[in-house]
Every structure is written in C-alpha cells, then in structure tokens.
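Note sheet for the following structure.
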Amino acid sequence: MMNNSNRLRLTWLSFLSYGLTGALVIVTGVLLSDIADYFAIPVPGMSFTFTFLNTGILIAIFINAWLISVIPLKRQLTAGFFLMALAVLGLIFARDLRLFSASMFILGLVSGITMSIGTYLITQLYDGRRRGSRLLFTDSFFSMGGILFPMLAGTLLARHIDWYWVYACIGGVYLLIFLLALCSDFPPVAEKKSRQSPSDEKWGIGVLLMAIAALCYILGQLGFISWMPKYAALRFDMNALETGVLVSRFWFAYMAGMWVFSALLRFVDLQRTVTLLAALSTAAMYLFINADRPELLRYYLLCLGFVSSAIYTTLITLGSQQTRTNSPKLINFILTCGTVGTMLTFVVTGPIVATYGEKAALFTANTLYMAVFVLCLLLGFVSKHRLYGHDTQ
C-alpha cells in the first residue's frame, strides 16, 4: 500500500532530483572563469570539459528505461549517492583536467538517472490532472535550482571560497535524496504490455521542424546562460555575486512564466503562441546583448526568462498533437533532440568564444532563437494540431 506520507517523501525526492540537475547545469556559467583560473587554462578551453557533464546526462536519458526495469530504484539511488560523493571528492582534489572531466561525467550520469527516476515516480504516483500539475511543479524545481545555486556560487566566490565547495553544496541535495530514498517504499516497476503494437502512423514534416526547433532552443538557451555571466563581468565590470544574481533573475522569471503559461495555453492556439513567444524571446535577447547600461540588464533578463519559459513545453505538446493517438516515441524523439542541444552547448560555443569572444557566443544564441521563430512560423503550414488536438494531460 502507498500511504500518504510515503507518497509525499517520494514526491519530494522527485522535486529534488530536478533541482539537482538544474543546479549542475546552470551554475556552470557562474563558475567557469574561476575554474579556468584554477587550472590555468583559457576559459574557452575549460568550457569543453563541461561537455562531459552534458554527455553524462544524455547517456542517462538513453539508458533510463533499461535501468528502471533491471535495477531496483532504491539501489540505483544508493549507488548514485556514493558516486556523487566520489565525484565531489574528485573535484575537490582534482589537479588535472582528466580527473575533473571524469568527475563531471559521473555528476552528469548520476543526475540524469536521478532525474529520470523522479519523472518515473511522478507518473506512477499520480494520474489524470494531478499528474499534469505535479509534473509541472516538478519541472519548476529545475528552475529553482537555477535560482538558488547561482546566487550561492556568487556569494561563495565573492568571499574567496573555492569553487568546488559549490559542488559540495549541490552534493548536499543528493544527500537529502538519499535519505528520502532510505526511508521510502518504492512502487513496483510496471511491466511493458506486449500486446500493444506500435503505431504505424507517419509523423510528418512538422515533427522534424519541432525537433530541430527544440535542439536550437536548448542550444541557444544554454549557450546564452553559460556565457552571459562572463560577458556581463567583462562588459560592465560586474563581480561574481552580481552575475550570479543576474542568472537567478532569469530563472526566477522562467519559473514564474511556466506557471502563468500553464494556465493560459489551454485557451490559445499553440502554434501561433509559440511563434509569438519565440519572436519576443529573440527581441529580448537582442536588447540584452546590445544594452549599454547595466541597470537595464535585469529587465531584459526578466522579460527573456518569462516569455521563453513556455517554448520548449509547447513544442513538446504540439508534437503530441501531430498524430491521431499519443506517440511516446514521437515525444522521446523531440526530447532527445533537445538533450542533444544540451550536449552541444560548449562544443558549438567554445570555439566561437575562443575566436570572437563572449559577445559573439551570445549573438549565436540569439541567431538560434531566431531560427526557432522561423521554424515555428513554417510549422503553421504543416502542423496537424488543429486536427488532432487531443488531451495531452
């Protein structure tokens, strides 16, 4: 039996799993310069090592379904705790990039698997509209990690505390996850239904447009948020605390936008709305990049975070409405393309920064947002969501 207290513990475990991944991914931009100084290498060269973090997350998403069916959830989280501790110790004692990169890969793998477990638990513990609202609240913890930990990182760096203690604090989140796992009973893993045959329905060109848009959006968002702190520090002579607050403001507005648009999107045409939001996001980012006064940055960031918050989820929802019946493979395809964008963040932006500087990386992100707008505009000519606008709750 699943009693209320056990359900509550597992729900909070799911919330924290998203906060953990959000903290690891988003704090990179605030710490990048200090880590580069620590290892005495240029910032663009240092950025490539964070590809190991993003690759670990991508691999975790690919092996998630297999792991859940083979290894009990509590055992996965227990192993994850010890791997997390090992990775944090590796960062603390790292004196060369090989150990640092290996530790980053382990952090990515553990956080990706843990976040996948969190998603699985929510889908098992709740159904119907409660599942939709819980998934939305769970996803908002990713943004919450982006609010709290950049501010924490900025505060620690301003006090001349070494960067690796930020990752030790993030490890504290996994300690809470581990403790919740120890005192909780997990639901049994549901067996796959062998009688359910896969749909032979063709996806259409609209799905390809949405998948490319998802990749461009995530690549543009993380490219912007990773290099924005360094750009603001150089352009306006900001310290680590001030740039950390800028990142936190973006994610605060992003989280607020998720909640607002979750209530509004059911009343509007999704394709037209996502096109408008992509256009507004492109404009807000352009204004931020070209701002000549530091006091304007906060307003442009708040606007950018708010209007861009619904783009990714709306693309996924539109994807679910391209076929007569919901297709999990179609949704996973779009999600995977978005995750590939995460992995490519520093692969694409690192050489640009090395050659042309941080502002060029931000303009690249702006161009990617413009590409999302164009793709969403083209989607209006081929999307089937008006025919198959079935309930996606």
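Kindly give the semi-axes, whole Å and largest first, of the ellipsoid equivalent to region 201-393, taking each as the square root of 5 times a Cα gyration tensor eigenvalue. Mind dumping the intermediate values first?
Numbers: eigenvalues 195, 61, 34 Å².
Taking √(5λ) for each Cα gyration eigenvalue gives 31, 18, 13 Å.
Given the Cα-Cα distance of Ser5 and Trp259 and 0.36 nm per residue of separation, how much length would full extension add, in nm? Kindly include the intermediate steps, with their values, before the conclusion.
Working: separation 254, 0.36 × 254 = 91.44 nm, distance 2.60 nm.
Residue separation times 0.36 nm, minus the Cα-Cα distance, leaves 88.8 nm.
Determine the dipole magnitude for region 1-186: charges of +1 sit on the beta-carbon of Lys and Arg, -1 on that of Asp and Glu, nothing else is charged, the reference point is the Cα centre, and the result goes in debye to the nearest 20.
Values: 11 positive and 7 negative charges, 118 e Å.
Dipole magnitude for region 1-186 comes out near 560 debye.
State the three equivalent ellipsoid semi-axes of region 1-186, derived from the C-alpha gyration tensor as the square roots of 5 times its eigenvalues, in descending order and whole Å.
On the way: eigenvalues 182, 56, 40 Å².
Computed over region 1-186, the values are 30, 17, 14 Å.
What does the charge add up to near Trp163, with Lys and Arg as +1, Asp and Glu as -1, over the other residues with Cβ less than 13 Å from its Cβ? Kindly include the intermediate steps, with their values, before the conclusion.
On the way: positive: Arg159; negative: Asp34, Asp37, Asp162.
Local net charge: -2.
Would you compute, for the Cα atoms of the chain, the largest minus smallest coordinate along each principal axis and list the three values in descending order, in whole Å?
58, 50, 32
The numbers here are math on the coordinates, done by the rules we state, and not lab data. Quick caveat: nothing in here was measured; it's all calculated off a predicted structure. Methodologically, a virtual Cβ is constructed for each residue, glycine included, from the backbone with ideal geometry; neighbour enumeration extends over all protein chains shown.
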